[in-house]
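Asker: Quick one: the structure is below, questions incoming.
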Amino acid sequence: MNLSLIDSLAMGAALVGPMMAGSGHLRTNLSLYGVQTALLAVASGLVADSKHEPTMYVVALAIVVLKAIAIPFFLNWIAGRIAVRTDSTFWLRPPVAMHLCVLFLGFSYVLSQQLPVDAARHYSQIGATAAISLVLSGLVLMLTRRLAISQIVGFLVTENGIYLFALTQTNGMPLFVEMGILLDVLAGVMIAGLLLFDIKKSFEHIDVEKLADLKD
Amino acid sequence: MTTESIAGAMCFLGALIVMPIVVLGLIRKIKARFQNRVGPPLLQPFFDIALLFRKRETVSDVTSWVFHGSAALILAVMLIQAVLIPWLSFKPAVPGADLILVLYLFALSKLALIFFAFDSASPFGAFGASREVTLSLLVEPASMLSLAALAIQSQSTDLSRIFAYGANGLHEPVLWCIAGMCLLLASLVELSRMPVDDPTTHLELTMVHEAMILEASGPTLAVNELSHAIHMTILFGLVGQCFIHAVVGATAISPPVLAALSVGCTFIIAALVAVFESVAVRVHWRKAPEFIAYAVTFGLFACLFVIAGSHQP
């Protein structure tokens, strides 16, 4: 199978998704998320290079600074502040969740073959596979973890998947759209982080299953 | 037989004798450096093993012929594997290096080691053996899947054809990388190295491989150490071959450069493993399956890659 460099990077990012599902260590998860986002940023840089769109370089740089460095550090800082290191409570054991993600990777390949494609337009099947599998990996992360902070990470992985889909199928979106999305993600993570402090303060843990405890 | 093939065979023989010793010495040296010690010289394992051969042996009086027979069998299997498996680019081609034969010869050596541990009737040996069986059960899918993916892609189960260089080789850098990662993680488990077992531990309750050879002494211990060193070198060499294939691809490289590259790559992987062992901690025994799951995941990635490639329009 001949893969272009952008496709290989997209696939590399998609392979990090299952690996994140396989570890309950928050720090491992966050650094893997950073690696995954950095791979996407390099892919954006390559798209910018091949399509001669200088604004995409700005997007790639913003992704590296905000999503690959700032967000993992911020979440790591929060995890340190509320003294959580591992997500030891799972709906599904991490190895099983990881193998489920691999299954979803195969499934997304089948799905990407079924997508209606306009023959005249550019379509990258490997890119679509990687993007769909990232979305599904994020969903698996969100559904199998019980700590609120891991669910934020799952949400971020899903967001990466949607970004990758846009990147590989549309040659990148305009700068303002990208910047708006980045700002939204950043604001979302900040608010979620502040909420974590509050949840921790009022419930003394961040296990989402026990959030219903206060009900009558 | 041409002069070149004779020279290649002589080089291979030299590498087979020297490399296991140096790999062992290199790992010890690097680990010592990380602990702020000078460390033993690189060839120290050779003198250790030579010393053990000269020592008198103490054998438990409940052992039978199985004890010595298994130790000899393990060494024999490892030497056969060294000749069969293409772990160096200049290894002379030998017919019959089938991937299933090779994998189950490793299993045979493991079985012999388990018999060895049980024959001495030591409870620690039985501990270690039961753990070793658990680990091998879990890790077998990983090595099988990655090698099978390579075999399907190159349409042959003959390892010397899969790992062939040049025009009739397999040029899939992504697949080679994934298979190499899978084999590397699997070999860490197969060799009972760091994340699942600490080879330098002194606590019998947590040992895996060391517990099984606890009752060995003198020449038997030397034979065991030697087979383990050869096992390690073969596996690291095989992983190195995967990564070399990923980098080299279809470009033609002259055999001497390739030979130097394979030897160097084996040492680099051994050094990386030593660095990893110095900075990482051993995982809890109940967490070991989670580590092995990563190896299996890489195997599954390799299979998915091959399946997707065969359906490419």
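The values are calculated or read from the model by the stated rules, or taken from the named source; none is laboratory data. On a predicted model such as this, the values are computed, not experimentally measured, just so you know. Cβ placement follows ideal geometry from the backbone for every residue including glycine, while neighbour counts extend to all protein chains displayed.
Asker: State whether the residues of segment A:42-54 include one that is surrounded by fewer than 21 Cβ atoms within 10 Å (Cβ to Cβ), under 27 Å from residue B:280 (Cβ atoms) and not basic (Lys, Arg).
Answerer: Scanning segment A:42-54 turns up no residue that is surrounded by fewer than 21 Cβ atoms within 10 Å (Cβ to Cβ), under 27 Å from residue B:280 (Cβ atoms) and not basic (Lys, Arg).
Asker: How many residues does segment A:94-116 hold that are of a type outside the set (S, T, N, Q), more than 20 Å from the chain's Cα centre (by Cα) and within 11 Å of chain B (Cβ to nearest Cβ)?
Answerer: 1
Asker: Still on this structure: Considering only segment A:71-82, I want to know if a residue exists there that is more than 16 Å from the chain's Cα centre (by Cα), of a type outside the set (Val, Ile, Thr) and more than 30 Å from residue B:297 (Cβ to Cβ).
Answerer: Yes: one or more hits.
Asker: Of everything in segment A:26-58, what is without any contact (Cβ under 8 Å) to a residue 40 or more places away in the chain and either under 15 Å from residue A:179 (Cα atoms) or in contact with a strand residue (DSSP E or B) (Cβ under 8 Å, 6 or more places away or on another chain) (or both)? Give them in sequence order.
Answerer: Matches in segment A:26-58: A:41, A:54, A:57.
Asker: Out of B:293, B:260, which single residue is part of a helix (DSSP H, G or I), out of contact with any strand residue (DSSP E or B) (no Cβ under 7 Å at 6 or more places or on another chain), within 14 Å of chain A (Cβ to nearest Cβ) and at pLDDT 90 or above?
Answerer: Residue meeting the stated conditions: B:293.
Asker: Follow-up question, since we're still on this one. Take residue B:143 and tell me if it is of a type in the set (S, T, N, Q), surrounded by fewer than 22 Cβ atoms within 10 Å (Cβ to Cβ) and under 25 Å from residue B:295 (Cα atoms).
Answerer: The answer is no for residue B:143.
Asker: Looking at B:53, B:47, which is the one that is assigned to a helix (DSSP H, G or I), out of contact with any helix residue (DSSP H, G or I) (no Cβ under 7 Å at 6 or more places or on another chain) and not aliphatic (A, V, I, L, M)?
Answerer: Step by step, each of B:53, B:47 is checked, and only B:47 is assigned to a helix (DSSP H, G or I), out of contact with any helix residue (DSSP H, G or I) (no Cβ under 7 Å at 6 or more places or on another chain) and not aliphatic (A, V, I, L, M).
Asker: If residue A:158 meets every condition in (1) away from chain B (no Cβ under 14 Å); (2) closer than 20 Å to residue B:305 by Cβ; (3) in contact with a Ser or Thr (Cβ under 9 Å, 6 or more places away or on another chain) apart from one, which number is that one?
Answerer: (2) is the only condition that residue A:158 fails.
Asker: Has segment B:202-216 got any residue that is within 14 Å of chain A (Cβ to nearest Cβ), over 19 Å from the mean Cα position of the chain (by Cα) and either surrounded by fewer than 20 Cβ atoms within 10 Å (Cβ to Cβ) or not in a helix (DSSP H, G or I) (or both)?
Answerer: The answer is no, given that none of the residues of segment B:202-216 is within 14 Å of chain A (Cβ to nearest Cβ), over 19 Å from the mean Cα position of the chain (by Cα) and either surrounded by fewer than 20 Cβ atoms within 10 Å (Cβ to Cβ) or not in a helix (DSSP H, G or I) (or both).
Asker: Can you tell me which condition residue B:249 does not meet? The list is (1) more than 14 Å from chain A (Cβ to nearest Cβ); (2) on the phi > 0 side of the Ramachandran plot; (3) not β-branched (Val, Ile, Thr), and all the others hold.
Answerer: Among (1) more than 14 Å from chain A (Cβ to nearest Cβ); (2) on the phi > 0 side of the Ramachandran plot; (3) not β-branched (Val, Ile, Thr), the lone unmet condition for residue B:249 is (1).
Asker: Which ones in segment A:80-93 are within 12 Å of chain B (Cβ to nearest Cβ) and free of Cβ contacts under 8 Å to residues at least 40 places away in the same chain?
Answerer: Within segment A:80-93, A:93 is the sole residue that qualifies.
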